[in-house]
Amino acid sequence: MSKNRLIYLPLGGAGEIGMNAYVYGYGPKGKERLILVDLGVTFPDMDSTPGVDLIMPDVSWLEENKERLEAVFITHAHEDHIGGIAHLWTKLGSPTVYARTFTAHHTRRKMEEQGANPEDVVTVSQYPEVIEVGPFGVSFLPVAHSIPESSGLVIDTPKGRIVHTGDFKLDETPVLGEAFNPDLWAEVAQSGVKALVCDSTNVFSSHAGRSEATVGPEIEKLVANAKGMVVATTFASNVARLKTLADAGKRAGRSVVLLGRAMRRMVQAGIETGVLKDFPSVIPIEDAREIPRENLMLLATGSQGERRAAVAQLSRGKYLGMSMKEGDTLLFSSKTIPGNERGVISIMNAYSEMGVDIVDDEGGRYHVSGHANRPDIERTHKIFKPEILIPMHGEHRHLREHARLGEDGGFASVVAVNGMMIDITGKRPEIVEYIDTGRTYLDGSVKIGAMDGVVRDRIRMALNGHVMVNIIIDEQDTPLGEPWVEIMGLPRFGTSRSELAEVIEEDLNQVLMRMDDKTLLDDDKIEEQIRRATRKTTQDEVGKKAEVTVVVSRLVGGV
């Protein structure tokens, strides 16, 4: 009996939506040769990760086993699949990265921005071309999604074929990119599929997914009937939607402007890589200022309420010489991602106060999802007929519901969340190991662990304020003068109606005067007593136990 096993290990994206990173391995236990599929990011929020720039998977386990890592395969260019590769590439031993043309273009740019070698990104073609790495033969299977050249992966191993869907939908008229090809999928399934690792995002959407082509006529009608300037926002990476919007603007006799660096970058990448053809001509923002507003259409970044994006900037007044006025129209051709509602609603209210007509996608006319809905997921199961079904790309409730759907269809299924190593060698999946997983934060220019305490301390200071206490001890080991205090993030006056800093200084002076000689010789004991006393005073005065930093300075006598 063979001692080799076939394993699946999600490090991100399983039990959450975003930050995708999936490991496959084959070989003897503990010595499997590995490949990594995707290495994405998720985005911070001010409530739980203030000040953090990006959130990436903790790849410590993979770093410890980097000599076993054969290669990285990127399914598409969305940030939750590609955003971490350049930041973590060297940690993983600088492996070769494989991607199709449009995705490779963005991967190389990200590598260059981080000082990594873009030449280690290899551009590949689609199925049936096979990339041989270790015991794996990997092909890129074209799928429809909301970004060009998205792919699933066909992974052939000595134990059978794995199909990793990536993000996908069944769209036979996608406007841009490859259409769903049931014959090609059937060809892939013909030799048998050991495991289907499948997108779970829309498993709760009971209706069949709509085609991207259904959005165009509705957008065209809206833009043609609008009176003033039209500003439309969508995901910058949804190049097909950008083309639909720009085409609608042109047909309505409007000059089109791309507003936002990410949007310009995506369109340029599409043109350079040949996936975007016949995109309407656009004009620079400088020229737009001279054109009557009823003849303008701006395509702007910021559909998720990002504070620094173009839509948010316009909501605060003038941006690059442009401003919105009563009678203008703002179209959200997008879905608000859960967690972003507050920012989006705030922007909508700002525009409402200007008299701008706001059109969102509550009715489903101006946006369609890039993910397969429940009936499409079921159809995918029936096409591939896998021995084992592993739901991925979803919160726990999505994975559980998808696994239930699979079991109802007669497929052996497992709910595998981040850190759960699954042996898929046999006819049923088996949990064989739990790996410590977590998150890595990009904080400014430094990577820190989620459990390092940096963000926790930041949150505590934001919630409770901060007090800096300075104490000088002279050559005789006695306090020199009174403590002096600086406060941040706390009210100037407390319940005693005196200045908070002065109240703290008075209380701390009393504490210092009561310290015995032994305590005054020990900086740690001084700090502990001063910290406790400071927190008690702030609690009494303003109802918050402030974060406290104590600086003890000792004077040293001359020789």
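The values are calculated or read from the model by the stated rules, or taken from the named source; none is laboratory data. On a predicted model such as this, the values are computed, not experimentally measured, just so you know. Note that we place each Cβ from the backbone using ideal geometry, even for glycine, and neighbour counts take in every protein chain shown. Each accessible area value is taken on the protein alone, full model and side chains, heavy atoms only, with ligands, DNA and RNA left out. Shrake-Rupley method; radii C 1.70, N 1.55, O 1.52, S 1.80 Å.
A few notes on this one:
- Scanning the stretch 89-104 for residues that are surrounded by fewer than 24 Cβ atoms within 10 Å (Cβ to Cβ) and part of a helix (DSSP H, G or I) returns T90, K91, L92, T101, A104.
- Enumeration of residues in the stretch 311-328 that are on the phi < 0 side of the Ramachandran plot, of a type outside the set (A, V, I, L, M, F, W, C) and open to solvent by 10 Å² or more (accessible area, probe 1.4 Å): Q313, S315, R316, K318, Y319, S323, K325, E326
- Unique residue being out of contact with any Leu (no Cβ under 9 Å at 6 or more places or on another chain) and open to solvent by less than 50 Å² (accessible area, probe 1.4 Å) when the list is D38, D47: D38
- Scan of the stretch 544-559 for residues that are part of a loop (DSSP other than H, G, I, E, B) and either at pLDDT 95 or above or of a type in the set (K, R) (or both), ordered by number: K544, K545, A546
- G12 being among the small types (G, A, S) and more than 26 Å from A144 (Cα to Cα): no
- Residue pairs whose Cβ atoms lie under 7 Å apart, separated by 6 or more positions or on different chains, with the first residue in the stretch 390-407 and farther than 22 Å from H78 by Cα and touching a residue at least 24 places away in the same chain (Cβ under 8 Å) and the second open to solvent by 10 Å² or more (accessible area, probe 1.4 Å) and small (G, A, S), are G406/S413.
- Residue in the stretch 266-279 that is surrounded by 17 or more Cβ atoms within 10 Å (Cβ to Cβ), without any contact (Cβ under 8 Å) to a residue 40 or more places away in the chain and more than 20 Å from the chain's Cα centre (by Cα) present: yes
- Within the stretch 124-175, being in contact with a Lys or Arg (Cβ under 8 Å, 6 or more places away or on another chain), crowded, with 16+ Cβ neighbours inside 10 Å and among the hydroxyl-bearing types (S, T, Y) holds for S146, S151, T157.
- Taken together, the residues in the stretch 475-522 that are open to solvent by less than 60 Å² (accessible area, probe 1.4 Å), closer than 23 Å to G543 by Cβ, part of a loop (DSSP other than H, G, I, E, B) and without any contact (Cβ under 8 Å) to a residue 40 or more places away in the chain amount to 1.
- Here T538 meets the list (1) closer than 30 Å to M46 by Cβ; (2) open to solvent by 50 Å² or more (accessible area, probe 1.4 Å); (3) not in a loop (DSSP other than H, G, I, E, B); (4) not acidic (D, E) almost entirely, failing just condition (2).
- In the stretch 199-215, residue farthest from A14 (Cα to Cα) [restricted to those that are in contact with a helix residue (DSSP H, G or I) (Cβ under 8 Å, 6 or more places away or on another chain) and hydroxyl-bearing (S, T, Y)]: S206
- In the stretch 368-397, the residues that are in a helix (DSSP H, G or I) and open to solvent by 10 Å² or more (accessible area, probe 1.4 Å): R374, P375, D376, E378, R379, K382, I383, H396, R397
- E294 farther than 17 Å from A252 by Cβ and touching a residue at least 12 places away in the same chain (Cβ under 8 Å): no
- Taken as a whole, the stretch 354-364 holds at least one residue that is part of a helix (DSSP H, G or I), open to solvent by 30 Å² or more (accessible area, probe 1.4 Å) and among the aliphatic types (A, V, I, L, M).
- Listed by first and then second residue, the pairs with beta-carbon distance under 8 Å, at least 6 apart or on different chains, first residue in the stretch 437-458 and farther than 23 Å from G13 by Cβ and without any contact (Cβ under 8 Å) to a residue 40 or more places away in the chain, second part of a strand (DSSP E or B) and β-branched (V, I, T), are V454/I448.
- Yes/no for I422 being surrounded by 14 or more Cβ atoms within 10 Å (Cβ to Cβ) and either over 14 Å from M56 (Cα atoms) or among the small types (G, A, S) (or both): yes
- Only one of the numbered conditions (1) at pLDDT below 95; (2) in contact with a helix residue (DSSP H, G or I) (Cβ under 8 Å, 6 or more places away or on another chain) is violated by V446, and that is (2).
- Checking every residue in the stretch 188-195 against the condition of being outside any loop (DSSP other than H, G, I, E, B) and within 17 Å of Y8 (Cα to Cα) gives at least one match.
- Members of the stretch 183-205 that are closer than 21 Å to I424 by Cβ and either open to solvent by 40 Å² or more (accessible area, probe 1.4 Å) or more than 30 Å from the chain's Cα centre (by Cα) (or both): V188, A189, Q190, S191, G192, V193, K194
- Of the criteria (1) in contact with a Phe, Trp or Tyr (Cβ under 9 Å, 6 or more places away or on another chain); (2) over 23 Å from K91 (Cα atoms); (3) surrounded by 18 or more Cβ atoms within 10 Å (Cβ to Cβ), which one V121 fails: (2)
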